Amino acid sequence: EVITSPLTFVASANAALYCGAVPVFADIGTDRSLSAEATAAKITGRTRVVVAVDYAGLPADVDALRSVLPSECRLVIDAAHSLGGTLRGRPVGSLGDVTTLSFHPVKQITTGEGGACVTDDGDLAERMRRLRNHGMTSEAAQRTGATWRYDITELGYNYRITDPQAALGWSQLRRLDTVLTRRSELAMRYDELLTDLAGVSTPPRFADRRSAWHLYAIAIDEATFGWPRDRVIDALRADNIQATLHYPAAHLLGMYRARGHRPGEAPAAERLCERLITLPLFPSMTEDDQDDVVRALARLSAWRPAVVA
């Protein structure tokens, strides 16, 4: 069994299925990441791995999670959103037994597609190198001169990054700090602009964590704001503002419902997933762009009494 969060892109859970394991969904806390208490309640004698998800760029509370895990249980951090973030002064990438990164074009740095795994465990690192290369005991660059033999020790995959992709990612590392700074500035400005808009909750912040601000996801209270979440997204998109949802609750997607998952497994995540709206946030975004987004939300809120009447 692999315990993970329902507030994630489905790949976090699908990874367990690829390995023949059973995904188990635990609820989230106020940081929108796995709750240590909820995770502890899901641990059984079959639990082998916990996959914490750094939702929207905010690192999960790894210390709290480790405190409830059996010693033999591995902790994997899905840091697809959080490269550049920190937890109590420690950088993302140093917090789990394995940390997975995404280099999709919308992330902080990109290689066009793909990602990377980070670990300080030499045995795990060596096994991951084999798995990405068909299970071979050596790579092409190592088979030079008289060293030409190799063995296949387990079923592996063709998961190697190309040299041009690696060069692109390497060059982008030089601009990571600039990207993170701009994202943080925009997130802070969103917080300020949305402060007085009734029915809108801004993303959580914690003094001991630095978010990478991959996403800026607000939560809408329909009773106060006056419009259901889906109508708000539709209205913003009609105004050429590409709002969206990250994410529908993973355990309630069709494939997982077919595997027996039902509402009620993670009530806090389910409630939040019904309220979330991801607002545009990208390094080249201007303050005028941001003002357009906030004005559109304010117009929707102002129209509510006339619609209700």
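The values are calculated or read from the model by the stated rules, or taken from the named source; none is laboratory data. Treat the numbers as computed from the prediction; the structure is a model and nothing was measured. Cβ sites come from the backbone with ideal geometry, for glycine too, and all protein chains shown count toward neighbours. Just so you know, the surface numbers come from the protein's heavy atoms only, side chains and all, with ligands and any DNA or RNA stripped out. Shrake-Rupley method; radii C 1.70, N 1.55, O 1.52, S 1.80 Å.
Heavy atoms only, 1.4 Å probe, whole protein assembly: order Glu185, Glu1, Glu37 by accessible area, highest first.
So, going from the largest accessible area down, we get Glu37, Glu185, Glu1.
If R₀ is 35 angstrom, what is the calculated FRET efficiency for the pair Arg257 and Arg143, using the beta carbon separation as r and rounding to 0.05?
The pair Arg257/Arg143 has a calculated efficiency of 0.15.
Based on alpha-carbon centroids, what's the gap between segment 125-162 and segment 71-120 in Å, whole number please?
The two parts, judged by their Cα centres, are 23 Å apart.
Sequence gap at least 6, Cα distance under 8 Å: using those rules, report the relative contact order of the chain to the nearest whole percent.
17
What list of ³J(HN,Hα) couplings, whole Hz, do you get for segment 219-230 from phi and the Karplus terms 6.51, -1.76, 1.60, once you set θ to phi - 60° and write x for glycine and proline?
Those phi angles translate into 10, 9, 9, 4, 4, 8, 6, x, 9, x, 3, 4 Hz.
For the chain, list log₁₀ I(q)/I(0) at each q in 0.14 Å⁻¹, using the Debye formula over Cα point scatterers of equal strength and ignoring solvent, two decimals each.
Ignoring solvent entirely, the Cα scatterers give -1.14.
Label points 7 Å out from Cα along the Cβ direction at Ala268 and Ser67: separation in nm?
About 1.4 nm, to one decimal.
How would you classify segment 228-309 from its alpha-carbon gyration tensor, with a ≥ b ≥ c the square roots of the eigenvalues: rounded for a/c under 1.5, else prolate if a/b is greater than b/c, otherwise oblate?
Oblate, since a/c reaches 1.5 and b/c is not below a/b.
Which of the chymotrypsin sites (Phe, Trp or Tyr not before Pro) found in segment 96-177 are in a DSSP loop and have at most 14 neighbouring Cβ atoms, other than their own, within 10 Å?
Within segment 96-177, the qualifying chymotrypsin sites (Phe, Trp or Tyr not before Pro) (loop, at most 14 other Cβ atoms within 10 Å) are Trp148, Tyr157, Tyr159.
For the chain, report the accessible area per residue in Å² (1.4 Å probe, heavy atoms, rounded to an integer).
51
Give me the Å³ per residue figure for the convex hull around the C-alpha atoms of segment 78-151.
Enclosed volume per residue, from the Cα hull, is 115 Å³.
Say we join alpha carbon atoms closer than 10 Å with springs in a Gaussian network model of the chain; which of Leu101, Leu87, Leu197 then has the biggest fluctuation?
Of the options given, Leu197 has the highest mean-square fluctuation.
If you take the charge dipole of the chain about its Cα centre, with +1 on Lys and Arg Cβ and -1 on Asp and Glu Cβ, which of Leu300, Asn158, Gly93 is farthest toward its positive end?
Asn158
Compare the Cα positions of Gly145, Gly20, Thr47 along the charge dipole of the chain (+1 at Cβ of Lys, Arg; -1 at Cβ of Asp, Glu; about the Cα centre) and return the one farthest towards the positive end.
Towards the positive end, the residue furthest out is Gly145.
Quick check on the chain: of the DSSP beta bridges with both residues there, what percent are antiparallel, nearest 5%?
Among the beta bridges of the chain, antiparallel pairing accounts for roughly 55 percent.
Mind pulling the angle between the C-alpha long axis of helix 163-172 and the longest principal axis of the chain? Nearest 10 degrees, somewhere in 0 to 90.
50
Ignoring ligands, DNA and RNA, what percent of the accessible area of the chain is carbon or sulfur (1.4 Å)?
Carbon and sulfur: 53 percent of the exposed surface of the chain.
Rounded to the nearest 500 deg cm²/dmol, what is the calculated helix-only ellipticity per residue at 222 nm for the chain, with -39500 (n - 2.57) per DSSP H run of length n ≥ 4?
-10000 deg cm²/dmol
Gain in length, Phe206 to Thr44, computed as 0.36 nm per residue apart minus the alpha-carbon separation, to one decimal in nm?
Stretched fully, the Phe206-Thr44 segment lengthens by 55.3 nm.
Given Cβ point charges of +1 (Lys, Arg) and -1 (Asp, Glu) and nothing else, what value in debye, to the nearest 20, does the dipole of segment 56-200 about its Cα centre take?
Magnitude of the dipole: close to 460 debye.
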